[in-house]
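The values are calculated or read from the model by the stated rules, or taken from the named source; none is laboratory data. Because the structure is a prediction, the values reported are computed rather than measured. Don't worry about glycine lacking a Cβ; one is built from the backbone with ideal geometry, like all the others, and counts go over all protein chains shown. These accessible areas exclude ligands, DNA and RNA; they are computed on the full protein's heavy atoms, side chains included. Shrake-Rupley method; radii C 1.70, N 1.55, O 1.52, S 1.80 Å.
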Amino acid sequence: MIDALKSWEEETKTKERKEFKTPSDIEIKKLYTPLDLGDFDYLEKSGFPGGRPFTRGVYPTMYRSRLWTMRQYAGFGSAAETNERYRYLLSQGQTGLSVAFDLPTQIGMDSDAELAMGEVGKVGVTIDSIEDMALLFDSIPLAQISTSMTINSPAAVLLAMYIAIGEKNGIEPSQLRGTVQNDILKEYVARGTYIFPPEPSMRLVADLIVYCAEEVPKWNAISISGYHMREAGCTAVQEVAFTLANGIAYCESVVKRMDIDDFARNLSFFFACHNNFLEEIAKFRAARRVWAKIIRDRFHAKKDRSCMLRFHTQTSGVTLTAQQPENNIVRVTLQALAAALGGTQSLHTNSMDEALALPSEKAVRIALRTQQIIGYESGITDTVDPLAGSYYIEWLTDQIEEEAWEYIDKIDEMGGVTKAIERGYIQDEIAKKAYEAQKRIDSGEDAVVGVNRFSAEEELDVSLLRVRDDVEIEQKAKLKDLRERRKSDMVESSLRTLERGCESSENLVPLILDCVKSYATIGEICGAMKEIFGEYKPTILM
Amino acid sequence: MIRVLIAKPGLDGHDRGAKVLARALRDAGMEVIYTGIRKTPEEIADMAIQEDVDVVGLSCLSGAHMTLFPKVVNLLKEKGAKEVGVMGGGIIPKADAEKLRACGIEEIFGPGSSLKEITESLKSIVRRKGENA
């Protein structure tokens, strides 16, 4: 075999059109053969789907039992407008909801805060109190649907609102299914919606994980996210490493309060899917294997179920082009296909017009149809992990795993991920890679069709969604009205109890639930916590 | 040496573009200061004056550009720093870009702009401002 390969390589030597590397800088050979897998131990490296190390998938039958959850991230303007969009998406065959909140909500501010000016309802729906939340989920069957909420610092506040409106509709917390992102560490490095300093923030994250494990068992208390670090610039390998390193930090903080096997099943993950089709598939496979080892070897979980890396995928925002936006439909199709071949549990497909504005209804429909065509027409869902055994895919899976471990070890040597973030290591890696990528695009080394290759003069032919400017005015008026109507002594006493809780070590989620039920607003609740916890002051890194 | 303030007004945390541009301008030989995220127009105008910059580059991807960008321009004028050039970037629809230019934003860059294009445009803003002074 070795000799035959060597002579084939000699005979077929030709000048190639470029050097071949994955976007993570992994060199790619012309051809992969069984020799690249060495003494590949199938049971150790792959195992069977639904069993450790879960390389081939977390469930035994994967998409043969149920397709991934089709979940489009959506939210804009007022709660009533967004509710209409949700009902539209569900009527079109979407199977789960994913709430995009506006920035004031994500940063724990009310719509009438000075800093909220111009931002109300812009990148997501605006929520000030439980009344808005009730409008958002009006006529949506919470016991049947699963809801994901992209909310981090105030995750407990929004989950409390969801629990409370569930209760009002006669639905027990134990029946609720969904996810809150609740991943503060990546906010400090990439996404920026932090409120409090790291220490109390980590306590809030742990409080919510512990609360969910006990009271809302079907809820994913955290979605440990690589997406935003990847979008900010890091490579696929780094995405695996940095995300799982964050995962380690969360586990370390919760195992002090609870057995690993009692909460690991409530952890979920969120990854991006970029353009390099095969590297992305290998990335998902490698991530599952690494996480299974971490939970088993480092945290000594006894249950296999604890070792499952279940994840949501979103196609890549940064790969979308404003030029020739229809081309984005094809990019999204390839990325979505890679996510499905990588074994995702849920998927958001980006809309073609997202480099220009929030998606229009038509663009969202095409994005949803893209998933449906892959799921129902392509046949790739008929067997589990169909690319396993490909010499290249298995070799690349190993390669990504190996390089991810190197980063994880390096972060361990720094004293863990919080120390690495304090030192600016992760931020600097991300910024460096982002700059390198842009330079490769500018020089033409990396092709972007329609931008640095095959560009064309064009008149834009897509109609864009515009968020109404009066949302902010309306929302301020609603808030004023609520503050006059509610029982202010109840609001006050629930907020003061929360403040006292912040000074002690008790779990804050039940106290936040009381605040929410007394019609305290998100700004008031986060304000009370700020009184005790203070605010995060970032060091500016370029 | 050209001095530039790269600024993130409002609550938007997407600063990949801002940081990439900051690095590129620095490599092009400029003195670059980055504000970090979540700055008010007031803070940005004050910093621009304090740091005596030639140009302020505003970046916003949250859709709040129509509220925030003109405020920075007006504050610079009010504070007697109308010689500072202001440019912007982000997810900014064409119709908005035109309005922003009318408000005194010299140039607007969207997704797909090359670093060279932005750097050249910045230099020409500085030249123009120099000639008018």
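A few notes on this one:
- Inter-site label distance for A:A456 and A:L5 at 7 Å from Cα along Cβ, in nm: 4.4 nm
- Point-to-point label distance, A:K432-A:K29, nm (Cα→Cβ direction, 7 Å offset): 2.8 nm
- Chain lengthening between A:E377 and A:S91 when straightened (0.36 nm per residue, less Cα-Cα): 101.0 nm
- Taking a sphere under 14 Å around the Cβ of A:L89 and counting the other residues whose Cβ falls inside, with K and R at +1 and D and E at -1, yields a net charge of +3.
- Residue-wise HN-Hα coupling along the range A:503-514, computed from phi with Karplus coefficients 6.51, -1.76, 1.60 (Hz; x: Gly, Pro): 7, 9, 10, 6, 5, 7, 4, x, 5, 5, 4, 5
- Under a 5 Å amide H cut-off, with hydrogens placed 1.01 Å from N, A:F101 pairs with A:V125, A:T150 among residues at least 5 apart or on other chains.
- Restricting the range A:421-527 to GluC sites (Glu not before Pro) that sit in a DSSP loop and have at most 16 other Cβ atoms within 10 Å of their own Cβ leaves A:E445, A:E457, A:E458, A:E459, A:E506.
- Residues whose amide H falls under 5 Å from that of A:D110, counting only those 5 or more places apart or on a different chain, are A:G523, with hydrogens built in the peptide plane.
- Between the range A:9-53 and the range A:176-215, the C-alpha centres lie 38 angstrom from each other.
- Remark: spin-label model distance A:E535-A:E114 equals 1.0 nm, labels positioned 7 Å along the Cα→Cβ axis.
- Peptide A:188-195 has a mean shielding of 3, counted as Cβ atoms of other protein chains within 10 Å of each residue's Cβ.
- Annotation: lysines with alpha-carbon distance below 23 angstrom to B:K79 (same-chain offsets under eight excluded): B:K8, B:K39, B:K71, B:K99, B:K129.
- Rounded to the nearest 20 debye, the dipole magnitude of the range A:302-442 is 520 debye, with +1 charges on Lys and Arg beta carbons, -1 on Asp and Glu beta carbons, and the Cα centre as origin.
- Net charge, A:G38 excluded, C-beta distance under 12 Å - Lys, Arg +1, Asp, Glu -1: -4
- Amide hydrogen neighbours beyond the local backbone of A:F269, cut-off 5 Å, H modeled: A:I224, A:R310, A:F311, A:H312
- Taking 0.36 nm per residue of sequence separation and removing the Cα-Cα distance, the A:E84/A:E167 pair yields an extension gain of 27.6 nm.
- The Cα atoms of the range A:437-532 give a gyration tensor whose axes a ≥ b ≥ c have a/c of 1.5 or more with a/b no greater than b/c, which makes the shape oblate.
- B:E78/A:Y42 FRET efficiency (R0 56 Å; Cβ-Cβ; nearest 0.05): 0.20
- In the complete set of protein chains, residue-level accessible area for A:R265 is approximately 70 Å², probe 1.4 angstrom.
- Cα gyration tensor shape for the range A:260-300, rounded if a/c is under 1.5, else prolate or oblate: oblate
- Packing around the peptides A:29-37, A:233-241, taken as the average count of other Cβ atoms within 10 Å per residue, puts them in this order, highest first: A:233-241, A:29-37.
- Buried area at the B-A interface (accessible, heavy atoms, 1.4 Å probe, summed, Å²): 3000 Å²
- Cα point-scatterer Debye curve for the range A:42-443, base-10 log of I(q)/I(0) at q = 0.10, 0.13 Å⁻¹: -0.62, -1.13
- Table column - 3J(HN,Hα) (Hz), the range A:211-225, Karplus curve with 6.51, -1.76, 1.60, x for Gly and Pro: 4, 5, 4, 8, 10, 10, x, 8, 9, 7, 6, 7, 10, 6, 10
- Phi to ³J(HN,Hα) by Karplus 6.51 cos²θ - 1.76 cosθ + 1.60 over the range B:68-84, Hz, x for Gly, Pro: 8, 4, x, 4, 5, 4, 5, 5, 4, 4, 4, 8, x, 10, 6, 6, 6
- Available extension along the chain between A:D446 and A:M490 is 9.9 nm, counting 0.36 nm per residue and deducting the alpha carbon span.
- Inter-part distance where the range A:99-126 and the range A:495-542 are each reduced to a Cα centre, Å: 18 Å
- Prolate/oblate/rounded call for the protein assembly as shown, Cα gyration tensor, a/c under 1.5 rounded: oblate
- Taking every residue in B:12-25 and counting other chain Cβ atoms within 10 Å of its Cβ, the average works out to 6.
- When the range B:72-133 is reduced to its Cα atoms, the Kirkwood hydrodynamic radius in Å: 12.5 Å
- Comparing Cα centroids, the range B:66-133 and the range A:356-424 end up 38 angstrom apart.
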